[in-house]
């Protein structure tokens, strides 16, 4: 048994690696720059956590998601592995302590967001750190040709200057051949060690349902497929509306989007993961890093803008290897909406120049001023003042960011902060406070240290659970305690920021290169057309279409269980009727049949799948968890 297998067994309890895990581990463990392409559920975290434990020094993990950082740090600590993370919301003192502990060798993993890499404090401390290797998660974000390009990811290459001999492991679940090349180029790979895991998911049935009543169709599907589900919608308002609709129709459902407080996100995610909630209605902010293997169903109420996004989100179903369904609901107006998104995402260049000019008026900025100056930004107020549409303005800000003129940070969350303005002795001598206020102060002192010396970030939701006060009551009591001079409370707010990356120039001199505008627009157009083709196809195997999009040879591949395969490969009626009869007679005897038992009935796989699909469609049977039962 290799040292890597020893570590896997010791900390995770597994005897063997899966798929291409070991190849990636051996490559980065040997000091090679490495790119791993692993679909959702492929076990990406093992590929950097195992080799890091076998090497001296700390592994720096770059990831954009605070929730993912927290989850992985917690999971590692539960296994007895020392890990830490730095992210927005920590005080400067907490960041310094975490970085210095990494220098002293107290941690094996340091999780960090890409924005933190270029800060002076991080780069100063990094020079004294023994770094084993750097892991870049969601590596497609560094590619300007990827579907989710983020300029902050370009800062990762700065680490190459500071740590020229430290290897990089890049990991992603979605990348076309073009993006694969660009990732290596952007990260300055010294050699091209690329490992690909097949994107084929044999247990996942891809289905498109064309309907003009998506709400009713959603209810129909959820009634037929029991078990944990995710319903993806395009905007935040939709998450709340759909969750409410499902609750009114008897489902346990909640909603999730980027605008929720971190504590609310944690509570809802936990309830869903523990199966207290069946359906999570969410925007694309939900899913990355979510380790729930038994999701039976993922439904998209609207069509995503790219096959990459769809594949990643749909792939969160059936990670346990059991039968699961990825359903896309499609209607005639979706094609028009998708094509309209191209012009929304890429407004005319003249409009971009107008937005840039109006920003200068908004901030009263003179020509030649502004370099590296940061301002809070209110999109709604800006649009009202200058009579712009928010969607087009948002896109303009993103394009101005990609062109290097500004950096637009979308809704950076500043958590609530407090600091006591009386010392501890003075606080204890107070005897005129209401009982609830005293209870709230005790909860603060119990949960947060250093509140007499500096501002400390707090979570009102945690204090609410411990005191029984509502979030509004906590807000009112903390503002009341601020008014009488006991503490200073700065409420949480979500604030977008704009930083000028160059001095203000005349709008007519703005330049948008082909790479920033024309080529990116053409690629979005290509992705959207690929999604329309996927949704409107009635003959091609859906799994095959996705595999080919990602550059995987699939000429002879037919999954046999997507809606197109089932619709275009009808079995001989006598064989199909016989298969249905076997299923129904077995069900009559047992009341419920597990998936394992189904495969032991002696029916050929494709025939079995088709028979179950037809019986399920006709509501003669019902899929329930890991098996089937009689229909209602």
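The values are calculated or read from the model by the stated rules, or taken from the named source; none is laboratory data. All values reported here derive from a predicted model rather than from experimental measurement. Positions of Cβ are generated from backbone atoms using ideal geometry, with glycine treated the same way; all protein chains shown enter the neighbour counts.
Here's a check for you: in region 225-238, which residue that is part of a helix (DSSP H, G or I) and touching a residue at least 12 places away in the same chain (Cβ under 8 Å) is farthest from the chain's Cα centre (by Cα)?
Selected residue: 238.
Looking only at region 241-268, which residues are part of a helix (DSSP H, G or I) and either under 9 Å from residue 281 (Cα atoms) or out of contact with any helix residue (DSSP H, G or I) (no Cβ under 8 Å at 6 or more places or on another chain) (or both)?
From region 241-268, those part of a helix (DSSP H, G or I) are 241-248, 262-268; that's our starting set.
The answer is 241, 242, 243, 244, 247, 248, 268.
Inside region 170-182, can you point out the residues that are within 21 Å of residue 553 (Cβ to Cβ) and either in contact with a strand residue (DSSP E or B) (Cβ under 7 Å, 6 or more places away or on another chain) or surrounded by fewer than 23 Cβ atoms within 10 Å (Cβ to Cβ) (or both)?
As a first pass, look at region 170-182 and keep what is within 21 Å of residue 553 (Cβ to Cβ): 172-181.
If the condition is that a residue be within 21 Å of residue 553 (Cβ to Cβ) and either in contact with a strand residue (DSSP E or B) (Cβ under 7 Å, 6 or more places away or on another chain) or surrounded by fewer than 23 Cβ atoms within 10 Å (Cβ to Cβ) (or both), then 172, 175, 176, 177, 178, 180, 181 are the ones that fit.
Could you figure out which of (1) at negative phi; (2) touching a strand residue (DSSP E or B) at 6+ places or on another chain (Cβ under 9 Å); (3) assigned by TED's automatic domain parsing to the domain that holds residue 271 isn't true of residue 215?
Only one criterion in (1) at negative phi; (2) touching a strand residue (DSSP E or B) at 6+ places or on another chain (Cβ under 9 Å); (3) assigned by TED's automatic domain parsing to the domain that holds residue 271 is unmet by residue 215, namely (2).
Give the residue that is nearest to residue 52 (Cα to Cα), with candidates limited to residues of region 69-102 that are touching a helix residue (DSSP H, G or I) at 6+ places or on another chain (Cβ under 6 Å) and without any contact (Cβ under 8 Å) to a residue 60 or more places away in the chain.
Per the criteria, the residue is 83.
I'd like to know if region 172-187 contains one or more residues that are outside the structural domain of residue 306 (by TED's automatic domain parsing) and in a strand (DSSP E or B).
Checked against the condition, which is being outside the structural domain of residue 306 (by TED's automatic domain parsing) and in a strand (DSSP E or B), region 172-187 yields at least one hit.
For region 103-122, which positions are surrounded by 14 or more Cβ atoms within 10 Å (Cβ to Cβ) and over 15 Å from residue 77 (Cα atoms)?
103, 112, 113, 114, 115, 116, 117, 118, 119, 122
Which members of region 239-259 meet the condition of being surrounded by fewer than 19 Cβ atoms within 10 Å (Cβ to Cβ) and within 15 Å of the chain's Cα centre (by Cα)?
258, 259
I'm told residue 585 meets every condition in (1) at pLDDT 70 or above; (2) closer than 24 Å to residue 318 by Cβ; (3) exposed (fewer than 15 other Cβ atoms within 10 Å of the Cβ) except one. Can you identify the failing condition by its number?
Tallying (1) at pLDDT 70 or above; (2) closer than 24 Å to residue 318 by Cβ; (3) exposed (fewer than 15 other Cβ atoms within 10 Å of the Cβ), residue 585 fails exactly one: (2).
Where in region 425-520 are there helices (runs of 4 or more DSSP H), lying wholly inside it, with at least 3 residues that are within 30 Å of residue 381 (Cβ to Cβ)?
By residue number, 471-483.
State whether one or more residues within region 510-523 are within 27 Å of residue 259 (Cβ to Cβ), out of contact with any strand residue (DSSP E or B) (no Cβ under 9 Å at 6 or more places or on another chain) and surrounded by 12 or more Cβ atoms within 10 Å (Cβ to Cβ).
So far as region 510-523 goes, yes, one or more of its residues are within 27 Å of residue 259 (Cβ to Cβ), out of contact with any strand residue (DSSP E or B) (no Cβ under 9 Å at 6 or more places or on another chain) and surrounded by 12 or more Cβ atoms within 10 Å (Cβ to Cβ).
Keeping to region 118-168, report how many residues are over 23 Å from residue 550 (Cα atoms) and assigned to a helix (DSSP H, G or I).
Residues that pass the stated criteria total 19.
Here are the criteria: (1) free of Cβ contacts under 8 Å to residues at least 40 places away in the same chain; (2) within 27 Å of residue 345 (Cα to Cα). Tell me which single one residue 160 does not satisfy.
(2)
Taking region 420-433 on its own, how many of its residues are exposed (fewer than 13 other Cβ atoms within 10 Å of the Cβ) and either touching a strand residue (DSSP E or B) at 6+ places or on another chain (Cβ under 8 Å) or at pLDDT 75 or above (or both)?
6
Answer yes or no as to whether residue 198 is part of a strand (DSSP E or B) and either at pLDDT below 80 or touching a strand residue (DSSP E or B) at 6+ places or on another chain (Cβ under 9 Å) (or both).
no
Can you find a residue that is in contact (Cβ under 8 Å) with a residue 24 or more places away in the chain and under 21 Å from residue 330 (Cβ atoms) anywhere in region 186-204?
There is at least one residue in region 186-204 that is in contact (Cβ under 8 Å) with a residue 24 or more places away in the chain and under 21 Å from residue 330 (Cβ atoms).
Hey, residue 282 hits all of (1) in contact with a strand residue (DSSP E or B) (Cβ under 8 Å, 6 or more places away or on another chain); (2) at pLDDT 85 or above; (3) under 30 Å from residue 470 (Cα atoms); (4) surrounded by fewer than 20 Cβ atoms within 10 Å (Cβ to Cβ) but one; which does it fall short on?
The failed condition is (4).
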